[in-house]
Amino acid sequence: MDRGESPAAAAAREAREEAGVAGVIDPIPVTSVRVRKRASDLFGGAATWTPVFALEVEHERPAEPWRHPTWMSAADAFLALRGSRAWSPRWRLAAVRATIERLESP
């Protein structure tokens, strides 16, 4: 997070920088997840609690030409993350699960 930047603004910036998407971000976190960035973090390394925000995508323009986003429902994203790797970080699954619950709530 940059100095003076809110967590929601940081999440929107990261979405723009990493995925090339922009839109309306919900300023209320969907959940918070404990993130371990590297596999070595599993054995006593650093972990941080990170808020997860929902972003309604309005524009897509990946900065890197090799990125080809695949759009799918949140439920399909959960299944893809769960089945795509021998080891999928639990925090990613928790974030998608919480987002599904938020989307399904009245």
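The values are calculated or read from the model by the stated rules, or taken from the named source; none is laboratory data. All values reported here derive from a predicted model rather than from experimental measurement. Here the Cβ is made from the backbone with ideal geometry for all residues, glycine too, and neighbour counts use every protein chain on show.
If a residue must be small (Gly, Ala, Ser) and within 17 Å of Ala19 (Cβ to Cβ), how many such residues does the range 74-106 contain? Steps first, please.
Going through the range 74-106, the residues small (Gly, Ala, Ser) turn out to be 74-75, 77, 80, 83-84, 86, 88, 94-95, 98, 105.
Okay, now just the ones that are also within 17 Å of Ala19 (Cβ to Cβ), so 74, 77, 80, 84, 95.
Counting residues in the range 74-106 that are small (Gly, Ala, Ser) and within 17 Å of Ala19 (Cβ to Cβ) gives 5.
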Query raised in the report: Do we find a residue being within 18 Å of Ala94 (Cβ to Cβ), under 16 Å from the mean Cα position of the chain (by Cα), assigned to a strand (DSSP E or B) and modelled with pLDDT of 85 or more anywhere in the range 13-31?
Result: yes
Query - Whichever residue in the range 32-62 is of a type in the set (A, V, I, L, M, F, W, C) and at pLDDT below 75 and, among such residues, is nearest to Ala8 (Cα to Cα) - result: Ala47
